[in-house]
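Visitor: I'd like to ask some things about the structure below.
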Amino acid sequence: MALAIRAMAIYHGLIYYSELVKGCQATVHLSSIAAVFYAPAAFETFVFGMTVYSAIQDSQFITGAFAPFLVMLYRDGFIFFLVMIGLRVWNCWIYMTQPSSGYAMGIP
């Protein structure tokens with residue numbers, strides 16, 4: 001929350017509407033604002049760690065009747081973690097290495 005407030009305080013008055021990306025953009029680029037992307041990545045890693053811990057605790061049930069359901073839940077959780085971390089790393093890379101015009105790479 002503090003990072004978001006800091007970002008809003010820095011960018012207040014430095015935002016304009018860009019016809020190129022059809023959205024708002026900042027006139028300055030600060031690499032320290034990339035930290036806004038780190039907190040959600042840390043949260044996702046924490047949730048994944050809890051999921052792994054739960055999988056270890058539930059490993060005794062995987063051989064029972066709940067086996068297909070538990071395996072599916074843990075598999076989907078792992079895939080979700082990989083996708084979310086991949087997207088967060090992608091956002092950090094775009095923000096830290098690309099010019100302001102590159103921020104909207106994925107917007108048609």
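Derivation of every value follows stated rules applied to the coordinates shown; laboratory data play no part. Here the structure is a predicted model, which means the values were calculated and not measured.
Visitor: Which length gain, in nm to one decimal place, applies between residue 80 and residue 12 when the Cα-Cα distance is subtracted from 0.36 nm times their residue separation?
Guide: Stretched fully, the residue 80-residue 12 segment lengthens by 21.1 nm.
Visitor: Could you give the length gained by full extension between residue 58 and residue 94, i.e. 0.36 nm per residue of separation minus their alpha carbon distance, to one decimal place?
Guide: Numbers: separation 36, 0.36 × 36 = 12.96 nm, distance 3.87 nm.
Full extension of this stretch gives 9.1 nm more.
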